[in-house]
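Here is the structure we will look at, set down as structure tokens.
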Amino acid sequence: MGFFDRFKAKRDETAALYAAVVARARAPHWYVEGGVPDTVDGRFDTIAVVLTMVMLRLEGEPAGVPVATHLAEAFVDDMDPQLREIGIGDLLVGKHIGRMMGMLGGRLGAYRDALAAGDLKPALVRNLYRGEAPNDAALAHVEREVLMLHTALAGTTVDRLIAGQLP
């Protein structure tokens, strides 16, 4: 197997996991009970919050670190055609992808810090709701769902995650 074949095989390894992340982020409760805008930005931000929880879990053990990297690459592979579909020209796609990766990295840090501090709400308002806080019930719903996902992920093996089995 050549170098590029091995690289593609690693990306294919995370296809089921990335599909599970997107499916979880598309669950109606985020947008109905959680008040996340059902827009391109809202969908991106919801994928980002679920993706960061999974990536934080994967980063928690050595076997998960390369999987987290390949998961981020799957995110890029998904976002590229999405940007083209909404009309972003070829010359600007790279800049948008770079900005999205920066946003994902920022969210990883923000949610990591918020979990450590025991208060997700400010990070959710800033990153998921882009600075416009929803009503208290919506924010509480999203915080509860994210914390339940984070807790459930802690008890899930890397192998189960790779298989796309989100708790």
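Brief remarks follow.
- Residue selected from region 13-54 under the condition within 21 Å of GLU73 (Cβ to Cβ) and outside any helix (DSSP H, G or I), by the criterion most open to solvent (accessible area, probe 1.4 Å): ARG26
- Of all residues in region 149-167, those satisfying the criterion of being open to solvent by 20 Å² or more (accessible area, probe 1.4 Å), touching a Lys or Arg at 6+ places or on another chain (Cβ under 9 Å) and in a loop (DSSP other than H, G, I, E, B) are LEU166, PRO167.
- In region 121-148, of all residues being more than 16 Å from GLU33 (Cβ to Cβ) and not in a helix (DSSP H, G or I), the one that is most open to solvent (accessible area, probe 1.4 Å) corresponds to GLU132.
The values are calculated or read from the model by the stated rules, or taken from the named source; none is laboratory data. Nothing here was measured: the structure is a model prediction, and the numbers come from that model. Using ideal geometry, Cβ is built from the backbone for each residue, glycine included, and neighbour counts are taken over all protein chains shown. Side chains are part of the model used for accessible areas, which takes the heavy atoms of the whole protein and leaves out ligands, DNA and RNA. Shrake-Rupley method; radii C 1.70, N 1.55, O 1.52, S 1.80 Å.
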